[in-house]
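Asker: Structure provided below as structure tokens; questions to follow.
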Amino acid sequence: MSDFDLITIGAGPAGMSAARVAAEGGLRVLLLDEQARPGGQIYRNAGQTRDARAWLGAEYAAGARLVDALEHPGITARFGATVWRLDAGPRVVWSEGGASHSARAPHILLAGGAQERPVPFPGWTQPGVMTAGAAQILMKTAGMLPRDAVLAGSGPLLYLVAAQMIDAGAPPKALVETQTPRMMLRALPHLPKALFAARTLLKGLGLMARIRKAGVRRYTAATDLAADTETDGTIRFSFRSGGAQHSLTCALVLTHQGVIPSTHISRAAGIAHTWNAAQVAFKPVHDIWGATDRPGLYVAGDGAGIGGADAATAAGQLAALDILRSAGRISADARNQRAALPRATLFRARAIRPFLDAAYAPSAETLSPPDETIICRCEEITAGAVRQSVKEGAQGHRQIKTSLRVGMGACQGLMCDATVRGVLCDGKSACMGRIAPPRARTPIKPITLGELAALTNDCKETA
């Protein structure tokens, strides 16, 4: 007997929208998320901050509506719940409050979202160097503003964070961008389709206009990034741009090179994955409804392919509609009729992705950094050590992992897998797609022996 009709893993826009649609259709839904509150990364803490931090923008504040929609008697939400196993059945096992729990359901929706692509360069492990996404977490959860900061890398998130910092009265010291004119030229053929998402394009142009108005310095086509910590604790950030060497002194360096699907749990579940050359990352194989090749398992949101908040919300709704159809709650015709609006939303949201993926592709140095760069932070292994291991005969992830312990640390390869693949292929995307992702094993997330020993099966609908 199943404890629930649907278990949704992840309370971002995809997970929240799916949970509400499914619950309104009469299903018993268990929603699990390892954060203390719903929202995911995009709408993190949106239900608590409301209008208190207007500088985060109207779209962030709109996420509170999804959070409020979780107040439904058919939804059991468990936060601070770290999912670490997914069994056949299907059964989900998670850690919460120092103990492990499990529950079964005929349908499981994986809505774990995305992770920031690692941005390795000499000095990226220094104090004061962090990702733009990490800075956003502090901004959203604690109202902490990054001051005297340099934003470095590529992608629309840099412009959003810069604009938020400007509106909060703490403008960035500079933007050091790695995208090149050639990338922009490659993106132009995708511009006509991107016009279906004209609202998003106009938003991006507006962000750049605010950055120019604030007088923030911008450097483009930057290469040779490096960071050093001075004796007074400040950071000297150096790079080349416009044919000249530059050096900036700052308190923080916030890096970003786009996001990639978080596939650890979908790989552990045995779902088939395919290489997305445009986004230079693997993603799970699924149909328009999010159904995978594993019976009862669905994926939605950025964990199924990067598309943004609107796309994730629509994908969650589509998955829930098909789950309602599978559960016998609605007919296929009713599902198709109700899917018209979210499918249109999904099309518009995804229309801009080919343009953005080409215009803000990860830099060659990000995919295959110089020898002295640490690429495995857990074991402090450099890119040069990986290349040397290959010269000595190591072939593929498994042998490199065996010889160097790359990917055997606490993050289980989450922070180094993409870079190891890039080093093995000298940054060439076509080659990277031919290297299968490493196998993900249980536990998906690190847990204590005490949590394992305390495994129970007491999470029922009434829990």
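The values are calculated or read from the model by the stated rules, or taken from the named source; none is laboratory data. Please read all numbers here as calculations on a predicted model, not as lab measurements. Here the Cβ is made from the backbone with ideal geometry for all residues, glycine too, and neighbour counts use every protein chain on show.
Asker: Out of everything in the stretch 206-244 that is under 18 Å from Gln257 (Cβ atoms) and among the β-branched types (Val, Ile, Thr), what residue ends up being surrounded by the most Cβ atoms within 10 Å (Cβ to Cβ)?
Answerer: Here the answer is Thr220.
Asker: Any idea how many residues of the stretch 200-240 are touching a residue at least 60 places away in the same chain (Cβ under 8 Å) and among the aliphatic types (A, V, I, L, M)?
Answerer: Residues flagged as touching a residue at least 60 places away in the same chain (Cβ under 8 Å) and among the aliphatic types (A, V, I, L, M) within the stretch 200-240 amount to 6.
Asker: Residues Ala358, Ala320, Ala340, Ala314: which one is closer than 30 Å to Gly427 by Cβ and small (Gly, Ala, Ser)?
Answerer: Ala358
Asker: In the stretch 245-263, how many residues are surrounded by 15 or more Cβ atoms within 10 Å (Cβ to Cβ) and small (Gly, Ala, Ser)?
Answerer: 2
Asker: Still on this structure, please answer the following. Which one of these is among the small types (Gly, Ala, Ser), touching a residue at least 12 places away in the same chain (Cβ under 8 Å) and farther than 26 Å from Asp87 by Cα: Gly409, Gly427?
Answerer: Exactly one of Gly409, Gly427 is among the small types (Gly, Ala, Ser), touching a residue at least 12 places away in the same chain (Cβ under 8 Å) and farther than 26 Å from Asp87 by Cα, namely Gly427.
Asker: Let me ask something else about it. Take the residues in the stretch 151-182 that are surrounded by fewer than 18 Cβ atoms within 10 Å (Cβ to Cβ) and in contact with a Phe, Trp or Tyr (Cβ under 9 Å, 6 or more places away or on another chain); name whichever of them is nearest to Arg210 (Cα to Cα).
Answerer: Among residues in the stretch 151-182 that are surrounded by fewer than 18 Cβ atoms within 10 Å (Cβ to Cβ) and in contact with a Phe, Trp or Tyr (Cβ under 9 Å, 6 or more places away or on another chain), the one nearest to Arg210 (Cα to Cα) is Asp167.
Asker: Moving to a separate point now. Name, by its number, the condition in (1) small (Gly, Ala, Ser); (2) buried (at least 20 other Cβ atoms within 10 Å of the Cβ); (3) part of a helix (DSSP H, G or I) that does not hold for Gly384.
Answerer: All conditions are met except number (2).
Asker: I would also like to ask the following. Kindly state which strands (runs of 3 or more DSSP E) lie completely within the stretch 200-311 and contain at least 3 residues that are in contact with a strand residue (DSSP E or B) (Cβ under 9 Å, 6 or more places away or on another chain) and within 20 Å of Trp124 (Cβ to Cβ).
Answerer: 223-229, 235-241, 244-250, 252-257
Asker: Cβ contacts < 6 Å: first residue surrounded by fewer than 17 Cβ atoms within 10 Å (Cβ to Cβ), restricted to the stretch 431-443; second residue in a loop (DSSP other than H, G, I, E, B), any location; separation 6+ or different chain. Result?
Answerer: So the pair list comes out as Cys431/Cys425.
Asker: Going residue by residue through the stretch 130-150, is there one that turns out to be at positive phi, in contact (Cβ under 8 Å) with a residue 60 or more places away in the chain, surrounded by fewer than 22 Cβ atoms within 10 Å (Cβ to Cβ) and in contact with a strand residue (DSSP E or B) (Cβ under 9 Å, 6 or more places away or on another chain)?
Answerer: Checking the stretch 130-150: at least one residue is at positive phi, in contact (Cβ under 8 Å) with a residue 60 or more places away in the chain, surrounded by fewer than 22 Cβ atoms within 10 Å (Cβ to Cβ) and in contact with a strand residue (DSSP E or B) (Cβ under 9 Å, 6 or more places away or on another chain).
Asker: Just the residues that are in a helix (DSSP H, G or I) and either among the polar types (S, T, N, Q) or farther than 16 Å from Ala418 by Cα (or both), please, taken from the stretch 353-381.
Answerer: Arg353, Pro354, Phe355, Leu356, Asp357, Ala358, Ala359, Thr366
Asker: Out of the strands (runs of 3 or more DSSP E) lying entirely within the stretch 20-105, which hold 1 or more residues that are free of Cβ contacts under 8 Å to residues at least 40 places away in the same chain and surrounded by fewer than 22 Cβ atoms within 10 Å (Cβ to Cβ)?
Answerer: Fully inside the stretch 20-105 and qualifying: 82-87, 91-96.
Asker: Please verify whether the stretch 114-121 includes one or more residues that are assigned to a loop (DSSP other than H, G, I, E, B), surrounded by 22 or more Cβ atoms within 10 Å (Cβ to Cβ) and touching a Cys at 6+ places or on another chain (Cβ under 9 Å).
Answerer: yes
Asker: On to the next question. Just give me the residues in the stretch 171-199 being touching a residue at least 60 places away in the same chain (Cβ under 8 Å), in a helix (DSSP H, G or I) and under 23 Å from the mean Cα position of the chain (by Cα), in sequence order.
Answerer: The answer is Met183, Ala187, Ala194, Ala197.
Asker: Mind listing just one residue for me: the one in the stretch 318-349 that is more than 22 Å from Pro106 (Cβ to Cβ) and in contact (Cβ under 8 Å) with a residue 40 or more places away in the chain and, of those, nearest to the chain's Cα centre (by Cα)?
Answerer: Ala349
Asker: Would you pick out the residues in the stretch 129-146 that are of a type in the set (Gly, Ala, Ser) and either closer than 21 Å to Ala364 by Cβ or at pLDDT 95 or above (or both)?
Answerer: Ala132, the sole residue that qualifies.
Asker: Okay, moving on. Just to verify a result, which residue in the stretch 1-19, among those that are under 18 Å from the mean Cα position of the chain (by Cα) and not polar (S, T, N, Q), is surrounded by the most Cβ atoms within 10 Å (Cβ to Cβ)?
Answerer: Ala14
Asker: Conditions: (1) surrounded by fewer than 20 Cβ atoms within 10 Å (Cβ to Cβ); (2) in contact with a helix residue (DSSP H, G or I) (Cβ under 7 Å, 6 or more places away or on another chain); (3) aliphatic (A, V, I, L, M). Ala454 meets all but one. Number of the miss?
Answerer: (2)
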